Ligand SMILES: Cc1cc2nc3c(=O)[nH]c(=O)nc-3n(C[C@H](O)[C@H](O)[C@H](O)COP(=O)(O)OP(=O)(O)OC[C@H]3O[C@@H](n4cnc5c(N)ncnc54)[C@H](O)[C@@H]3O)c2cc1C
Ligand SMILES: Nc1ncnc2c1ncn2[C@@H]1O[C@H](COP(=O)(O)O)[C@@H](O)[C@H]1O
């Protein structure tokens with residue numbers, strides 16, 4: 001079985017997440033080659049073939065050209081699986097590659113069971129096992145689900161791809177960095193976060209009061225931030241901050257994949273949720289099944305004594 | 001300006017999910033369904049474009065599924081869509097994203113939409129495939145996971161969300177398919193008069209057979225709840241007792257309390 005692994009590259013650098021693709025190929029026990037649309041200096045540590053296209057020529061973000069380069073490399077390599085990360089790069093490109101090949105696509109793979117691919121469903125409350133029906137398939141893997149064992153090493157053989165491409169339909173204007181942080185949650189020893197389960201903006205103060213008696217910082221999930229209840233600099237998760245405090249208290253938070261990605265390394269996790277099946281229970285050391293608006297004030301009173 | 005918005009009707013994620021008899025999807029009985037969260041941003045953006053153009057746009061709201069999906073279509077109409085399209089399929093859950101995308105593309109093919117909005121992903125299946133696959137089939141440009149959108153003439157300037165809060169700014173011309181990420185805008189609540197008005201709006205129904213002409217490429221063999229790792233302690237019961245228990249646990253864990 002042959003896999004073609006599509007490297008992640010941004011702002012002149014290979015992204016570390018690229019090695020998760022190699023970890024996945026290890027799990028599959030597959031022969032692999034990689035495709036890097038980037039710079040030669042950013043080639044991954046890998047002893048095998050790396051198809052290479054110069055981002056200086058094709059652009060870092062140019063979906064039409066990148067799609068053609070992926071198809072070209074897949075054909076040269078005769079790849080059974082074309083593997084992307086389930087990331088802003090992967091979900092932009094993978095469905096287009098799959099559609100062009102009329103190949104099955106399986107998204108956000110978290111594991112493998114009897115040769116089938118396991119993916120989350122229903123905001124991580126369920127799992128599905130999927131089987132591609134086509135000989136060739138496009139796969140995207142969940143960020144963080146596969147970890148590379150050992151240290152990546154080796155020097156790849158680069159094979160340069162050269163394609164004439166037409167003018168891009170989407171013009172890339174540049175990157176915008178995340179807002180500057182005025183609070184550095186990464187330094188906090190205790191974080192108490194508010195999720196949509198707190199109900200309304202006025203209730204955020206109750207969560208902040210608990211954070212205060214615990215000597216910690218207030219955090220929040222994305223919907224709470226999007227609604228303007230809490231500033232963006234306090235968002236925890238894949239599109240916010242990654243934190244690992246000694247104590248993390250999740251109040252009214254379901255535990256989506258993107259939120260858990262940002263806090264699962266915390267030493268001790270307490271979740272307060274009225275839903276006993278909420279996926280946050282999978283990472284929590286203590287899950288308290290209760291209404292946050294009743295439990296949190298009672299707790300704060302006890303702790304401030 | 002002709003606009004298509006594709007929406008899905010999905011269960012409330014706070015529901016308790018049970019697996020169906022075939023073991024390959026959730027049992028729909030006893031679930032409350034609503035408009036897919038990501039698609040609310042899609043409808044809202046379409047309506048804002050229409051408002052910006054002083055009403056010179058025509059918005060079609062499309063959903064594929066059993067009769068219950070009409071409720072989501074009606075919400076889209078109450079938010080400001082002009083026409084609803086229900087492509088009826090009681091077994092839509094068995095279709096793979098490729099088939100759903102093909103149905104959308106087959107419906108849109110001869111209609112010259114300038115803009116097609118979809119959500120970035122559905123909350124139940126979450127494949128994040130359908131918008132981009134439909135774009136490929138229609139040979140439209142496709143811009144995914146938008147968190148900002150500004151249109152001027154036939155040129156759109158937008159931002160895509162990347163990892164860790166970073167964004168990528170892009171500019172493109174219509175026609176295009178765009179997929180909407182959380183926070184793109186603030187979706188409006190339909191007002192009562194608009195809900196009443198929506199009842200008068202055109203609602204077309206077609207059988208899926210009119211648009212489906214491809215086989216599935218992937219199959220869901222099984223659905224099941226995730227294995228509980230059994231790491232944690234689960235506390236239930238009286239709130240005051242829970243607060244006592246949790247307080248003593250936290251006193252050990254929080255350095256400030258020691
Ligand atoms: C690309 C991408 C990036 C993302 N990045 C992030 C990110 O960085 N951070 C992030 O958080 N999300 C992120 N998200 C969004 C994520 O998928 C979820 O939508 C989000 O985390 C859900 O937030 P929540 O848990 O607050 O809300 P919900 O999922 O709505 O959960 C609310 C929870 O509160 C519980 N509840 C309700 N009422 C009460 C009550 N009275 N008492 C106790 N419990 C109650 C419910 O049982 C439920 O479990 C991202 C999504 C995408 C697609
Ligand atoms: N049954 C459906 N009818 C219409 N649009 C859909 C349907 N299923 C998914 N979509 C659209 O495709 C997007 C992505 O869904 P998915 O690929 O399932 O994650 C959704 O946000 C909707 O905009």
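The values are calculated or read from the model by the stated rules, or taken from the named source; none is laboratory data. Everything quoted here is computed from the prediction, not taken from an experiment. Cβ placement follows ideal geometry from the backbone for every residue including glycine, while neighbour counts extend to all protein chains displayed.
List of remarks:
- Flag if residue B:157 is more than 7 Å from chain A (Cβ to nearest Cβ) and within 23 Å of residue A:257 (Cα to Cα): no
- For the range A:212-222, taking the residues that are touching a strand residue (DSSP E or B) at 6+ places or on another chain (Cβ under 9 Å) and facing chain B (nearest Cβ under 10 Å), the one that is nearest to ligand 2 (Cβ to nearest atom) is identified as A:222.
- Subset of the range B:128-142 that is facing chain A (nearest Cβ under 7 Å), surrounded by fewer than 24 Cβ atoms within 10 Å (Cβ to Cβ) and not in a strand (DSSP E or B) - its residue that is farthest from ligand 1 (Cβ to nearest atom): B:137
- Some residue of the range A:194-217 being within 15 Å of ligand 1 (Cβ to nearest atom), assigned by TED's automatic domain parsing to the domain that holds residue A:246 and closer than 20 Å to residue B:163 by Cβ: no
- Test: residue in the range B:143-152 that is assigned to a strand (DSSP E or B), out of contact with any strand residue (DSSP E or B) (no Cβ under 7 Å at 6 or more places or on another chain) and away from ligand 2 (no atom under 12 Å from the Cβ): yes
- The criterion of being away from chain B (no Cβ under 11 Å), surrounded by fewer than 21 Cβ atoms within 10 Å (Cβ to Cβ), closer than 21 Å to residue A:48 by Cα and touching a strand residue (DSSP E or B) at 6+ places or on another chain (Cβ under 7 Å) does not hold for residue A:72.
- Filtered residues of the range A:109-147 (kept if at the interface with chain B (Cβ under 7 Å from one of its Cβ atoms) and within 20 Å of residue A:79 (Cα to Cα)): A:116, A:130, A:131, A:132, A:133, A:134
- Strands (runs of 3 or more DSSP E) enclosed by the range A:122-172 - at least 2 residues per element that are in contact (Cβ under 8 Å) with a residue 60 or more places away in the chain and surrounded by fewer than 17 Cβ atoms within 10 Å (Cβ to Cβ): A:157-160
This table checks each residue for (1) in contact with a helix residue (DSSP H, G or I) (Cβ under 7 Å, 6 or more places away or on another chain); (2) closer than 17 Å to residue B:14 by Cα.
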site: A:228; (1), (2): no, no
site: A:243; (1), (2): yes, no
site: A:292; (1), (2): yes, yes
site: A:297; (1), (2): yes, no
site: A:301; (1), (2): no, no
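- Residue in the range B:36-55 that is near ligand 2 (Cβ under 9 Å from one of its atoms), farther than 29 Å from residue B:150 by Cβ and away from every other protein chain (no Cβ under 11 Å) present: no
- Listed by first and then second residue, the pairs with beta-carbon distance under 6 Å, at least 6 apart or on different chains, first residue in the range B:94-116 and within 14 Å of chain A (Cβ to nearest Cβ), second within 16 Å of ligand 1 (Cβ to nearest atom) and not in a helix (DSSP H, G or I), are B:97/B:127; B:97/B:129.
- Checking B:172, B:206 one by one, the residue that is outside any helix (DSSP H, G or I), more than 10 Å from chain A (Cβ to nearest Cβ) and touching a strand residue (DSSP E or B) at 6+ places or on another chain (Cβ under 6 Å) is B:206 and no other.
- Enumeration of residues in the range A:14-73 that are without any contact (Cβ under 8 Å) to a residue 60 or more places away in the chain, assigned to a helix (DSSP H, G or I) and under 21 Å from residue A:169 (Cβ atoms): A:55, A:56, A:57, A:66, A:67, A:71
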